[in-house]
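Encoded as structure tokens, the structure appears first; notes follow it.
The values are calculated or read from the model by the stated rules, or taken from the named source; none is laboratory data. These numbers come from a predicted model, not from an experiment. Reconstructed Cβ throughout: ideal geometry from the backbone, glycine too, with neighbour counts over all protein chains shown. Calculation scope for accessible area: heavy atoms of the full protein, side chains included, ligands and nucleic acids excluded. Shrake-Rupley method; radii C 1.70, N 1.55, O 1.52, S 1.80 Å.
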Amino acid sequence: MLIWFLPVFLVFLMIGLPVFFGLIAAPGLLLWLSGQERDITLLYRNVYNGMDSFPLMAIPFFMLAGELMNRGGITMRLVEFSQALMGHLRGGLAHVNILSSMLFAGLSGSAVADTSALGSMLIPAMEKQGYTRRFAAAITAASSVIGPIIPPSGIMIIYAYVMGESVAALFLAGIVPGILVGVGLMLVVKLMADKYDFPVASRKTTWGERGQASLKAFFPLMTPVIILGGILAGVFTPTEAAAVAVAYALFIGFFVMRSLKLSDLPGILERAGITSAVVLLLVGAAMAFKTVVSLSYAPQIMADFMLSLSENPLILLLLINLLLFVVGMFLDAGPAIIILGPILGPIFVDLGVDPIHFAIIMSVNLTVGLATPPMGLVLFVASSVSGERVENIARAILPFLAVEILVIFLITYFPAISMTIPRLTGFAN
């Protein structure tokens with residue numbers, strides 16, 4: 001009977017029950033109906049146990065670092081730096097939007113934070129320059145998915161926690177795929193800019209002006225260098241790196257840029273706390289949900305079913321990408337990874353797929369799902385920031401989604417794209 005946990009969960013989602021309560025109610029109801037009341041205690045105890053983890057402490061620290069940098073004006077400096085480099089191109093502000101997302105990804109690792117922070121600045125600016133509001137919101141939402149791909153990444157920390165993989169290896173494996181997504185989006189913007197005669201954002205800056213913009217952005221851009229460098233050198237763990245990122249953001253905000261005041265801290269801590277609580281509650285609920293997954297023998301049933309379709313890893317990877325794409329439309333990336341990772345990961349590792357490679361396939365696919373209609377979370381955030389209807393943004397985002405799907409298949413069938421850097425640095429075989 002427990003094998004019905006996933007259909008029941010989807011029914012709860014469709015009737016409007018929040019994901020957290022759906023993750024708890026679906027398995028709890030089935031355990032009660034099947035007479036396994038003792039396991040209900042285990043289920044709800046695992047909500048706390050799922051959050052009580054040292055590696056997961058990295059998530060609230062990275063959330064807080066992102067809030068500090070956004071409130072401290074660092075986001076503005078990244079936008080100015082991007083504009084100095086790309087503002088003179090046709091469709092310049094759209095390019096600036098994408099490049100800013102790539103740079104911001106190295107600070108926060110959150111698609112929602114990216115959409116909110118950059119959207120509030122760039123969507124009105126793009127509209128003022130003649131872009132339609134729905135296009136501005138669509139490019140902001142599409143580029144924000146780079147946030148959890150380029151390190152640091154919250155969902156990769158969750159994957160490493162659930163599957164026992166190296167956080168450093170996953171971070172390194174995400175660099176090239178994240179850059180590929182950004183470059184692909186820029187190519188689409190260039191084609192659209194030539195076809196629809198998009199405006200130029202600014203005159204071509206001199207090398208001196210670019211140098212000044214680079215100096216202003218230097219300290220913010222050092223954040224991912226410090227985080228990744230410290231982890232790779234073995235100086236600190238990913239969780240300690242997140243705490244260092246908070247300390248560095250405080251130092252920049254108070255002593256370098258002097259854009260933060262003590263009176264700003266309560267609001268920053270409140271926003272970071274609420275965001276972190278939402279993520280960690282979902283992780284805890286998903287870990288409890290995972291308890292029923294193991295009790296129901298779902299991994300073995302799923303493995304037998306998939307291998308009955310084909311034993312060719314290439315065909316199975318195609319089918320899994322389609323499954324993940326559909327799941328990503330309805331479920332946030334973190335819970336989806338916790339629920340499906342233990343089911344799908346071992347199947348493909350047994351078929352010879354490198355576990356780090358599969359982790360990147362899954363992470364990128366589910367991250368793109370954040371911008372996929374009908375339930376993509378960043379679509380709703382972009383709608384809230386821009387005031388544009390979700391369905392209008394969903395139509396405008398389709399060309400960008402096509403490129404991101406192409407990148408997913410490139411990552412899937414050309415493992416070297418994601419595996420080269422981890423192998424060169426000794427973090428993967």
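Odds and ends about this structure:
- Residue check for A285: over 21 Å from P220 (Cβ atoms), in contact with a Leu (Cβ under 7 Å, 6 or more places away or on another chain) and in a helix (DSSP H, G or I): yes
- Selection from the range 244-269 of residues that are in contact (Cβ under 8 Å) with a residue 12 or more places away in the chain, open to solvent by 50 Å² or more (accessible area, probe 1.4 Å) and over 27 Å from the mean Cα position of the chain (by Cα): V256
- Failed criterion for F218 (all others in (1) of a type in the set (A, V, I, L, M, F, W, C); (2) touching a residue at least 12 places away in the same chain (Cβ under 8 Å); (3) within 30 Å of F254 (Cα to Cα); (4) assigned to a helix (DSSP H, G or I) hold): (2)
- Test: Y196 is farther than 22 Å from S82 by Cα, under 17 Å from the mean Cα position of the chain (by Cα) and open to solvent by 40 Å² or more (accessible area, probe 1.4 Å): no
- Residue check, G109 within 22 Å of the chain's Cα centre (by Cα) and not in a helix (DSSP H, G or I): yes
- Among the candidates L29, L6, residue that is more than 29 Å from the chain's Cα centre (by Cα) and among the aliphatic types (A, V, I, L, M): L29
- Close pairs (8 angstrom Cβ cut-off, 6 or more residues apart or separate chains): at pLDDT 90 or above in the range 125-136, open to solvent by less than 70 Å² (accessible area, probe 1.4 Å) and among the acidic types (D, E) anywhere: R133/E388; R134/E388
- Answer residue from the range 355-388, given it is touching a residue at least 60 places away in the same chain (Cβ under 8 Å), open to solvent by 10 Å² or more (accessible area, probe 1.4 Å) and in a loop (DSSP other than H, G, I, E, B) and is farthest from L323 (Cα to Cα) among those: G387
- Test set (1) in contact (Cβ under 8 Å) with a residue 40 or more places away in the chain; (2) surrounded by 20 or more Cβ atoms within 10 Å (Cβ to Cβ); (3) in contact with a Leu (Cβ under 9 Å, 6 or more places away or on another chain) - S108 fails condition number: (3)
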